[in-house]
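Since the structure comes first, as structure tokens, the remarks are kept for the end.
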Amino acid sequence: MERKAEIERKTRETAVTVAIHLDGSGQTEIRTGIPFFDHMLTLFGVHGFFDLSIRAQGDLEIDSHHTVEDVGIVLGDAISKALDERQGIRRYGFAVTPMDEALATVAIDLSRRAYLVFQVPAGEASSTAFNRSLANEFFKSIAHRAGMNLHIRVSYGDNEHHILEAVFKSFGRALQQAVGMDPRISGVRSSKGSL
């Protein structure tokens with residue numbers, strides 16, 4: 001069974017379509033109208049080996065908050081749908097990624113128990129429409145919609161671009177590990193027998 005999903009969501013503020021293939025090769029096509037956010041989502045897809053297509057139109061004339069949040073919602077829904085019943089997956093993933101002076105650690109549990117810990121320092125401000133605060137909103141949306149316990153910690157870093165780049169690369173790598181299939185697992189990876 002191919003682990004793919006495509007989700008579309010339209011509101012008065014945004015129109016977002018996400019397609020993801022969990023067992024892809026890292027091919028991405030991202031158009032959100034927010035160039036730096038597109039760059040971060042591309043890093044997530046490439047380093048997670050996810051084939052990822054994201055098209056978003058939002059009320060960017062106001063700001064980028066609604067678009068970023070809604071992309072997180074739809075991407076989280078798509079990840080959850082592609083995982084189906086989550087049978088045979090490793091469930092846990094972990095990655096540590098450096099980017100110049102910044103070091104990011106991401107740990108994931110695909111337990112269906114949504115929670116986000118986001119410990120990311122304020123770095124040298126970036127002049128883009130996507131920043132640390134919006135990254136927090138994005139990951140909050142993903143964690144809740146994908147049923148993911150997500151811990152993100154940046155131990156140190158000065159440049160916000162480098163900090164966020166390390167975070168998105170770690171997120172892709174950790175999620176790839178967590179969604180990976182393990183032939184030793186029958187059903188779901190839980191002593192309770194369900195997630």
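Yes/no matrix, rows are residues, columns are (1) within 29 Å of Lys10 (Cα to Cα); (2) under 17 Å from the mean Cα position of the chain (by Cα):
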site	(1), (2)
Val46	yes, yes
Gly93	no, yes
Ala104	no, yes
Tyr156	no, no
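Out of Val106, Val117, Val96, I need the residue that is under 18 Å from Gln177 (Cα atoms) and surrounded by fewer than 17 Cβ atoms within 10 Å (Cβ to Cβ). Which one? Please lay out each step first, then the result.
On the way: Val106 fails: surrounded by fewer than 17 Cβ atoms within 10 Å (Cβ to Cβ); Val117 fails: under 18 Å from Gln177 (Cα atoms).
Step by step, each of Val106, Val117, Val96 is checked, and only Val96 is under 18 Å from Gln177 (Cα atoms) and surrounded by fewer than 17 Cβ atoms within 10 Å (Cβ to Cβ).
Of all residues in the range 2-37, those being in a helix (DSSP H, G or I) and either polar (S, T, N, Q) or open to solvent by less than 30 Å² (accessible area, probe 1.4 Å) (or both) number 2.
Taking the stated definitions as given, is Ala82 within 16 Å of Gly26 (Cβ to Cβ), at pLDDT 95 or above and of a type in the set (A, V, I, L, M)? It is true that Ala82 is within 16 Å of Gly26 (Cβ to Cβ), at pLDDT 95 or above and of a type in the set (A, V, I, L, M).
Collect the residues in the range 121-131 that are of a type outside the set (Ser, Thr, Tyr) and under 19 Å from Leu60 (Cβ atoms), keeping them in residue-number order.
Looking only at the range 121-131, we keep the residues that are of a type outside the set (Ser, Thr, Tyr), and these are 121-125, 129-131.
The answer is Ala129, Phe130, Asn131.
If I filter the range 46-63 down to residues being of a type outside the set (A, V, I, L, M) and buried (at least 23 other Cβ atoms within 10 Å of the Cβ), which single residue comes out as nearest to Ala78 (Cα to Cα)? The extreme case among them is Phe50.
Results for (1) basic (Lys, Arg); (2) touching a Gly at 6+ places or on another chain (Cβ under 6 Å); (3) modelled with pLDDT of 95 or more, shown as yes or no for each residue.
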| position | (1), (2), (3) |
| --- | --- |
| Leu52 | no, yes, yes |
| Gly76 | no, no, yes |
| Leu116 | no, no, yes |
| Arg145 | yes, yes, yes |
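Considering only the range 73-88, state which residues are surrounded by fewer than 19 Cβ atoms within 10 Å (Cβ to Cβ) and of a type in the set (Lys, Arg). Scanning the range 73-88 gives a single hit, Lys81. Write out, first by first residue and then by second, each pair whose Cβ atoms fall under 8 Å of each other, whose residues are 6+ apart or on separate chains, and whose first residue, in the range 62-85, is farther than 24 Å from Gln176 by Cβ and touching a residue at least 12 places away in the same chain (Cβ under 8 Å) while the second is hydrophobic (A, V, I, L, M, F, W, C) and assigned to a loop (DSSP other than H, G, I, E, B). Once the first residue is farther than 24 Å from Gln176 by Cβ and touching a residue at least 12 places away in the same chain (Cβ under 8 Å) and sits in the range 62-85, its partners that are hydrophobic (A, V, I, L, M, F, W, C) and assigned to a loop (DSSP other than H, G, I, E, B) give Asp63/Ala129; Ser64/Ile34; Ser64/Ala129; Ser64/Phe130; Thr67/Ile34; Thr67/Leu60.
The values are calculated or read from the model by the stated rules, or taken from the named source; none is laboratory data. Source: prediction; values computed, not measured. Here Cβ is always computed from backbone atoms with ideal geometry, including for glycine, and neighbour counts include all displayed protein chains. Side chains are part of the model used for accessible areas, which takes the heavy atoms of the whole protein and leaves out ligands, DNA and RNA. Shrake-Rupley method; radii C 1.70, N 1.55, O 1.52, S 1.80 Å.
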